[in-house]
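First up is the structure itself, then whatever we jot down about it.
The values are calculated or read from the model by the stated rules, or taken from the named source; none is laboratory data. Fair warning: this is a prediction, and the values are worked out from it, not measured in the lab. Cβ coordinates were reconstructed from backbone atoms using ideal geometry, including for glycine residues, and neighbour counts include every protein chain displayed. The area values use the complete protein model at the heavy-atom level, side chains included, leaving out ligands, DNA and RNA. Shrake-Rupley method; radii C 1.70, N 1.55, O 1.52, S 1.80 Å.
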Amino acid sequence: MIEAARLGRAGGFVVADPMGTIVLFDAPSGSRSTSRRLAKPARELVGRTRVSAWLLLGNEYLSEAVMLAPTAKPLTLEWVADWEPPEDPATYLADRKAWDSFCAEIAARYGAPDRGPALALVRNDPVPGHARPPVSDLLRQVCVAFDLPDVAVGRSLLDSPEPGLHQAQRFDVASSGLFRRVLARS
């Protein structure tokens, strides 16, 4: 995985875990870190490895789980901290059916169609008498639904230059062929 990651345009850290490989990319240069800019190195890595992956993004207000497949467009689930389901039962039922169907599509595209129902349960509907879960916990629930490591949830190279993950291996971008040829001439 490290060699495939080094072929990209962003450095970062790789952590081998028995449940899967974790990759934390360096923060994009510039002042804005949009989800599109954060997803770019992950999409490139999925294209090189030909292995589907999850990109997990979040803050205290919004969490996104983006399923990246080698041959298909990314599919994104989003949870907003103060989301309220529709009050009308018919509208709620239609919304829930659409959510369940979309989760089934995502799980199938990921290659684990049997995980669709577990993914569909990852919701932040308010439950009377219970505190609403933080949206970051929903990202952990996505990991549980697919038997993925969740230790990287809440870790970000946007906040710190170190990942804070045991046995994280640093990778830097390999220089391009043109750059190496220029350096060899000097």
Expressed as a rounded percentage, what relative contact order does the chain have, with Cα pairs under 8 Å and six or more residues apart? 27
What does the charge dipole of the chain about its Cα centre add up to, to the nearest 20 debye, if the Cβ of each Lys and Arg holds +1 and the Cβ of each Asp and Glu holds -1? 1320
Once you charge only the Cβ atoms, +1 for Lys and Arg and -1 for Asp and Glu, what is the size of the charge dipole of the stretch 35-108 about its Cα centre, to the nearest 20 debye? 800
Given +1 on the Cβ of Lys and Arg, -1 on the Cβ of Asp and Glu, and no further charges, what dipole in debye does the stretch 64-173 carry about its Cα centre, rounded to the nearest 20? 340
Report the gain in length on full extension from T21 to S136: 0.36 nm times residue separation, minus Cα-Cα distance, nm rounded to one decimal. 39.4 nm
So for the chain, taking the charge dipole from beta-carbon charges (+1 Lys/Arg, -1 Asp/Glu), which of A108, P163, P126 sits furthest toward the positive end? P163
Protein accessible area in the chain, 1.4 Å probe - carbon and sulfur %: 55
